[in-house]
Amino acid sequence: MSVVILFNKPYGVLSQFTSSAGRPCLKDYVPVPAVYPAGRLDSDSEGLLVLTGDGKLQARIAEPGRKLAKTYWAQVEGVPSPQALQSLRDGLDLGDFASRPCRARSISEPEGLWPRDPPIRTRLHIPTSWIELKLEEGKNRQVRRMTAKIGYPTLRLIRAAVGPWTLEGLAPGQWRWSAVPERWR
C-alpha cells in the first residue's frame, strides 16, 4: 500500500531537507529518510506539504498539468468586493503568465486556526478578511500575486488541502502518515 506524509509546515520553515544559514527546514521536523516534498511552499507560507518517496507519485501530485486542486486560505488586507472575487475566479493576467480560472470565495477565519509566530502586521484603520482559493496550478507566489493584483494584499497564507489530503488534526510542525487513494495506485 502506498503512503505519503502529511506535514503542517510552520511559518519560516524551508520546504527542503537542507538549509543554509541555519534556517529551519524539513529535517528539523520530519525524521523519515528518503522522502521529498511533492510541491513547495514559500518559507513565509504555512500549511499542508505532502511528502513521498515515490517519484511517480510525487510528479502526479506536484505537476501543474495534472490539475490536482490545492486549497488555500489567504488572510488579506481589506474586504474584497464581489467584483474582486469574480476577477480571481475568471483568472488574472499577472504579466509573465495568466492564472487559470479558479474557485474563490470569502470565508470566516478558519475554525481552530493557530496563531502565527510572528503575528501578521495590522493597521488600525484597515480591516482584514479571509478568502478561500482552490487552484489547479501552482506558480511561484501565485496566490499572493493574485490577491495583490485585485488590490487586497495577502498578509497570511495557509495551504489547507492538496487533492484529497487536508490539514485536519495537524498542528504546526506535526506530521502523520496517510494512505494514497486507490485510484492513484
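For this structure, a couple of remarks:
- Hits in the range 19-30 (condition: part of a loop (DSSP other than H, G, I, E, B) and either touching a Gly at 6+ places or on another chain (Cβ under 9 Å) or modelled with pLDDT under 95 (or both)): 19, 20, 21, 22, 23, 24, 29
- When residue 149 is tested against (1) farther than 26 Å from residue 60 by Cα; (2) under 16 Å from the mean Cα position of the chain (by Cα); (3) not β-branched (Val, Ile, Thr), just one condition goes unmet, and that condition is (2).
- Residue within the range 157-169 that is aliphatic (A, V, I, L, M) and farther than 28 Å from residue 3 by Cβ present: no
- Total residues in the range 152-185, condition open to solvent by less than 50 Å² (accessible area, probe 1.4 Å), part of a loop (DSSP other than H, G, I, E, B) and not β-branched (Val, Ile, Thr): 8
- Selection count where residues are open to solvent by less than 40 Å² (accessible area, probe 1.4 Å) and either over 28 Å from residue 132 (Cβ atoms) or of a type in the set (Val, Ile, Thr) (or both), scope the range 26-70: 6
- Taken together, 19, 81 contain a single residue that is free of Cβ contacts under 8 Å to residues at least 12 places away in the same chain and either surrounded by 14 or more Cβ atoms within 10 Å (Cβ to Cβ) or within 20 Å of the chain's Cα centre (by Cα) (or both), which is 19.
- Single condition residue 100 does not satisfy, out of (1) in contact with a Ser or Thr (Cβ under 9 Å, 6 or more places away or on another chain); (2) more than 18 Å from residue 179 (Cα to Cα): (1)
The values are calculated or read from the model by the stated rules, or taken from the named source; none is laboratory data. Quantities reported herein were computed from a predicted structural model and do not represent experimental measurements. Cβ sites come from the backbone with ideal geometry, for glycine too, and all protein chains shown count toward neighbours. These area figures cover heavy atoms from the full protein model, side chains too; ligands, DNA and RNA do not enter into them. Shrake-Rupley method; radii C 1.70, N 1.55, O 1.52, S 1.80 Å.
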